[in-house]
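Taking it in order: structure first as structure tokens, then the write-up.
The values are calculated or read from the model by the stated rules, or taken from the named source; none is laboratory data. The structure presented is a predicted model; accordingly, all values stated were derived computationally and were not measured. Using ideal geometry, Cβ is built from the backbone for each residue, glycine included, and neighbour counts are taken over all protein chains shown.
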Amino acid sequence: MQTNKLLLSLLASASLTGCAAGPDYVAPVPPVVSSGPFLGADATPGVSQSEPADDWWRLYGDPTLDQLVADALAANTDIRVAVARIERARASLRGAQSSRLPSTDIGASASYGRVPDSQVTPGADRERRTIDGGIEIGYELDLFGRVARSVEASRGDYEATQEDAAAVRVAVVADTVRAYVDAAASAERIAVAQKTVDLLDSSVRITGAREQHGLADRLDVIRVSQLRDQQAASIPSFMADRDAALFRLATLTGRTPGQLPEAASERPTIPELSKPIPVGDGRTLLARRPDVRAAERRLAADTARIGVATADLYPRIMLGGSAGTTAIGATDLLGGGPLRWLLGSLISWSFPNQEAIRARIGEARADAKADLATFDGTVLRALEETETALSAYRNAMLRQTRLESARDAAERAANVSLARQRAGRIDFLAVLDAQRTLANAEADLATGRRAVVFAQVDLFRALGGGWQDTEL
């Protein structure tokens with residue numbers, strides 16, 4: 001009787017309050033200043049403040065690159081791991097949601113045995129066949145929101161794994177584009193180095209002919225041959241860089257090195273953007289970056305776990321029932337047998353010693369504080385990475401412009417020195433120095449062009465890739 005009164009009192013209290021234990025989650029708000037334009041956007045040529053596109057790599061207008069990215073998204077092993085983790089979190093969410101439904105347990109047993117004569121009444125059979133079957137149903141009254149908060153926490157974990165997978169996809173796409181660009185840049189540097197070697201081969205022949213006619217000495221031939229061999233020595237290292245980039249590209253697209261399509265290695269020059277890079281602003285960046293969204297979802301999950309721990313301060317009430325039958329022999333079972341049933345409630349409550357529960361609440365609150373700090377740090381890091389990428393891109397383009405100017409000047413100087421040598425106005429040492437300067441300027445320009453495209457990829461990666469609408 002007292003138990004029924006307590007149960008009715010708790011039910012009435014829950015109907016009046018209608019709230020779950022623990023704090024209700026409120027999404028953190030980033031600093032207002034972080035929602036404005038990027039500091040380096042106006043000072044960086046080749047960017048616009050329009051919203052970045054999901055398929056940013058298509059700005060390079062390269063069908064081979066488009067196909068490689070599609071292959072990476074479909075077969076990359078890191079993405080497959082991330083998707084498997086999503087499936088695991090989804091299964092955990094289903095498990096938490098099942099607590100909202102009644103639990104059922106069906107059991108049956110059968111036995112056959114013989115008892116001693118001393119335990120059998122006269123005329124009774126010593127051998128017995130017993131069949132037992134029944135069903136049990138239990139349901140937790142979620143008066144204080146323990147189940148609801150558990151579901152809320154599992155949903156936050158599930159959504160965080162989705163964002164983690166989106167971050168992996170952003171990284172894989174950026175790494176795929178970078179590897180493809182690296183292979184093309186190495187091919188371009190090989191071509192530049194080979195062009196320089198070919199020019200120096202011509203100089204070797206001309207200097208050798210001049211030596212035969214007494215217009216140059218043997219030292220001049222040795223010097224130009226040394227410069228030629230020095231430039232030729234750089235080609236194998238560029239070829240090794242190109243092979244390494246292609247092998248990395250194969251791994252990113254889920255292939256062995258021997259399975260990479262030939263089209264991936266055929267591009268001889270670095271791809272160039274067809275349009276300015278759209279960068280948006282801080283507000284859209286934070287809404288788009290998967291790591292920021294994942295940090296926010298983990299904060300939501302751990303905030304819900306405070307409620308899960310807090311609900312243990314209050315009684316847990318289970319309603320249950322069972323029905324079954326036990327029959328001696330198959331005929332009693334088929335004939336109905338003796339039926340049994342039971343209805344009841346169970347109240348469990350850790351009281352008055354609740355220190356362990358309060359300790360778990362303190363742990364949950366500390367986890368939520370750590371998640372909030374992680375979220376704030378992720379916001380700051382996202383802004384830092386984007387501003388840094390903008391600065392690196394701006395300065396890489398400035399460096400490329402100056403390297404182009406230096407290359408053009410070195411080319412003019414080399415041409416003038418050759419003309420003056422033919423006229424007998426300067427010695428061969430000055431010509432050799434001009435050719436060495438031109439070779440170095442060509443190599444530096446090829447490296448500078450590579451750095452510009454790498455900076456572009458880093459900027460796209462910092463911008464988050466725009467995966468907010470992608471289903472995983």
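Would the range 177-200 turn up any residue that is within 27 Å of the chain's Cα centre (by Cα) and without any contact (Cβ under 8 Å) to a residue 60 or more places away in the chain? Explain how you work it out, then say what you get.
Start the filter on the range 177-200 by keeping residues that are within 27 Å of the chain's Cα centre (by Cα), which leaves 177-185.
Among the residues that remain, those that are also without any contact (Cβ under 8 Å) to a residue 60 or more places away in the chain are: none.
No; the residues of the range 177-200 include none that is within 27 Å of the chain's Cα centre (by Cα) and without any contact (Cβ under 8 Å) to a residue 60 or more places away in the chain.
Picking from residues in the range 180-205 that are buried (at least 17 other Cβ atoms within 10 Å of the Cβ) and of a type in the set (D, E, K, R), the one that is nearest to Trp57 (Cα to Cα) is Asp182.
Taken together, the residues in the range 109-128 that are surrounded by 11 or more Cβ atoms within 10 Å (Cβ to Cβ) and modelled with pLDDT of 80 or more amount to 1. For the range 448-463, the set of residues classified as closer than 15 Å to Ala179 by Cα and of a type outside the set (Lys, Arg) consists of Ala451, Val452, Val453, Phe454, Ala455, Gln456, Val457, Asp458, Phe460, listed by residue number. Scanning the range 1-29 for residues that are modelled with pLDDT of 90 or more and in contact with a helix residue (DSSP H, G or I) (Cβ under 7 Å, 6 or more places away or on another chain) yields Ala21, Gly22, Pro23, Tyr25, Ala27, Pro28. Under the condition of being farther than 30 Å from Ala187 by Cα and in contact (Cβ under 8 Å) with a residue 12 or more places away in the chain, the residues counted in the range 211-239 number 2. Screening the range 255-347 for helices (runs of 4 or more DSSP H) wholly inside it with 3 or more residues that are in contact with a helix residue (DSSP H, G or I) (Cβ under 8 Å, 6 or more places away or on another chain) and within 30 Å of Asp182 (Cα to Cα) returns the ranges 282-288, 290-311.
Checking every residue in the range 369-389 against the condition of being without any contact (Cβ under 8 Å) to a residue 24 or more places away in the chain and assigned to a loop (DSSP other than H, G, I, E, B) gives zero matches.
For the range 459-471, the count of residues that are at pLDDT below 90 and of a type in the set (A, V, I, L, M, F, W, C) is nonzero.
Surrounded by fewer than 17 Cβ atoms within 10 Å (Cβ to Cβ) and either within 22 Å of the chain's Cα centre (by Cα) or modelled with pLDDT under 90 (or both): does that describe Arg228?
Numbers: surrounded by fewer than 17 Cβ atoms within 10 Å (Cβ to Cβ): no; either within 22 Å of the chain's Cα centre (by Cα) or modelled with pLDDT under 90 (or both): yes.
No.
For the criterion of being basic (Lys, Arg), in contact with a helix residue (DSSP H, G or I) (Cβ under 7 Å, 6 or more places away or on another chain) and either assigned to a helix (DSSP H, G or I) or under 30 Å from Val457 (Cα atoms) (or both), Arg189 passes.
Restricting attention to the range 24-73, the residues being aliphatic (A, V, I, L, M) and either part of a helix (DSSP H, G or I) or under 19 Å from Ala166 (Cβ atoms) (or both) number 11. crowded, with 17+ Cβ neighbours inside 10 Å and either out of contact with any Gly (no Cβ under 6 Å at 6 or more places or on another chain) or not in a helix (DSSP H, G or I) (or both): is that true of Ala364 in this structure? Yes, satisfied.
When Asp164 is tested against (1) buried (at least 23 other Cβ atoms within 10 Å of the Cβ); (2) within 30 Å of Pro23 (Cβ to Cβ), only condition (1) is not met. Scanning the range 32-54 for any residue that is modelled with pLDDT under 90, hydrophobic (A, V, I, L, M, F, W, C) and in contact with a Gly (Cβ under 7 Å, 6 or more places away or on another chain) turns up at least one such residue.
Being without any contact (Cβ under 8 Å) to a residue 24 or more places away in the chain, under 21 Å from the mean Cα position of the chain (by Cα) and under 28 Å from Phe460 (Cα atoms), is that true of even one residue in the range 283-296? Full working, then the answer.
So in the range 283-296, the residues without any contact (Cβ under 8 Å) to a residue 24 or more places away in the chain come out as none.
No, the conditions are met nowhere in the range 283-296.
Does any residue of the range 74-82 turn out to be assigned to a helix (DSSP H, G or I), charged (D, E, K, R) and touching a helix residue (DSSP H, G or I) at 6+ places or on another chain (Cβ under 6 Å)? Break it down into steps so the answer makes sense when it comes.
Looking only at the range 74-82, we keep the residues that are assigned to a helix (DSSP H, G or I), and these are 74-75, 77-82.
Filter again for charged (D, E, K, R), leaving 78, 80.
Applying the additional criterion that residues be touching a helix residue (DSSP H, G or I) at 6+ places or on another chain (Cβ under 6 Å) yields 78.
Checking the range 74-82: at least one residue is assigned to a helix (DSSP H, G or I), charged (D, E, K, R) and touching a helix residue (DSSP H, G or I) at 6+ places or on another chain (Cβ under 6 Å).
Quick one: would you say Glu442 is modelled with pLDDT of 95 or more and in a helix (DSSP H, G or I)? Spelling it out, it is not the case that Glu442 is modelled with pLDDT of 95 or more and in a helix (DSSP H, G or I).
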